[in-house]
Every structure is written in C-alpha cells, then in structure tokens.
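For reference, the structure discussed in these notes is given below.
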Amino acid sequence: QSSTSGEDENGNPVSVGGSYTFKKSGGAVIDLHIHDADYVLHLLGKPKAVDSRGVPARAGTFDYITTQYDFGRNGPAVTSEGGWIAAQGLPFEQSFEAYFEKGTILYNSSDRPLTLLDHKGGKVEPKLPTEDGFVAEIKAVIQPLAEGVQPGNLLGAAGQASLALCLAEQESARTGKRVVLR
C-alpha cells in the first residue's frame, strides 16, 4: 500500500519529488502503484488473474486503485492498493501486513518499523539498514554495472512484468471485470 498527496497549480497530482508530468508518468498506477505490484511479483510470482477497482483520472488511468490478486484456489489471498488521493498534508507512506499460520509481519513507513509477531504473542523488531530505499535501489543497479555484471533482480524484464501487471489492473478497473493474465 502506498499513497502520496499534493497538487500543482493546475490541480494535477504531484508525485514525490514534485516532478510530475502526467503524460510521462502514466498516472498513479504506473508512477506509484507499480512498486506495490513489483513487490507482489517479487514475493509471490505472477498471479493467475486480477480484479481491480479504482478512482478514475484522465486518459483511462486512475488516481487510486485496489486490486485482489488471484493466485488460485490454494494460493495466498493478496490485496494491494495505491494512489495519490490522500488529503494534502498527509505524508507519503508505504505499509504492508502479511499474515501467516504462525505469525504476522507488519510495517508502516510513517509509524511502525518492521515488526514480527509470533502466534504466542512474541514481538521482534529486527534491525535493518537505515539507508534510503531509493538510494539502495540505485546502488543495486550502478555497482554491478560498474563491475561489469548484470544487476540481479533489477533487470528490464522485471520492470516489464510489473508494467504488464499494472496495465491488467487498470483494464480490470476500467471494465469492472476480472482480467486473466497470460
């Protein structure tokens, strides 16, 4: 889940960093929610289908989207949401909750560090690197390239898969129908 807020002088949403250009970004789904979709793909692989709803924007895009990812009858139940419809003054945040048979993992960039809760009531907040995520991501591309090797999980194919997933989510939100992925 991710969200940000703010508008420019023309009433257009402004993404983090204030460099929003609607035609270049593709709207909230492609500019922002794509990172949520990428995370789903990275953790769980490609779902069988998506069922999405959204708050329409222009050019067939959405300012907010929520998606149910279908991983099949015995697969995990996964929902993700993202957009930039939050009221001005609400800071950007990222969060997730993951529920398992013997525990839960919680995180919110605004107010809750990564927290592991076990089924007996135990709680652990693991120590994580404090480096900014965007900086770490850039380093993960630049360092391997400087060494003449492929940059691991940050290849174009992964980005292409995330974009395809987001486009399927937008199609589902546009039509109100489940979209089966090929």
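The values are calculated or read from the model by the stated rules, or taken from the named source; none is laboratory data. All values derive from a computational prediction rather than experimental measurement. Note that each Cβ is placed from the backbone with ideal geometry, even for glycine, and that neighbours are counted across all protein chains shown.
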Looking at Pro144, is it without any contact (Cβ under 8 Å) to a residue 12 or more places away in the chain, surrounded by 14 or more Cβ atoms within 10 Å (Cβ to Cβ), over 16 Å from the mean Cα position of the chain (by Cα) and farther than 20 Å from Gly45 by Cα? yes
Of the residues in the range 99-111, those that are more than 15 Å from Val124 (Cα to Cα), surrounded by 13 or more Cβ atoms within 10 Å (Cβ to Cβ) and either free of Cβ contacts under 8 Å to residues at least 12 places away in the same chain or of a type in the set (Val, Ile, Thr) (or both) number 0
Please give the number of the condition Val149 fails out of (1) outside any helix (DSSP H, G or I); (2) surrounded by 10 or more Cβ atoms within 10 Å (Cβ to Cβ). (2)
Could you list, in sequence order, all residues of the range 155-166 that are of a type in the set (A, V, I, L, M, F, W, C), under 26 Å from Asp63 (Cα atoms) and loosely packed, with under 14 Cβ neighbours inside 10 Å? Ala157
Checking Gly152, Gly156, Gly121, Gly133 in turn, the sole residue that is more than 23 Å from the chain's Cα centre (by Cα) and modelled with pLDDT under 95 turns out to be Gly121
Filter the range 172-182 down to residues that are touching a residue at least 60 places away in the same chain (Cβ under 8 Å) and assigned to a helix (DSSP H, G or I) and give me whichever is surrounded by the fewest Cβ atoms within 10 Å (Cβ to Cβ). Arg174
Any residue that is out of contact with any Pro (no Cβ under 6 Å at 6 or more places or on another chain), acidic (Asp, Glu) and at pLDDT 85 or above - is there at least one of those in the range 9-30? no
If you take the residues of the range 75-89 that are of a type in the set (A, V, I, L, M) and without any contact (Cβ under 8 Å) to a residue 40 or more places away in the chain, which of them is surrounded by the fewest Cβ atoms within 10 Å (Cβ to Cβ)? Ala77
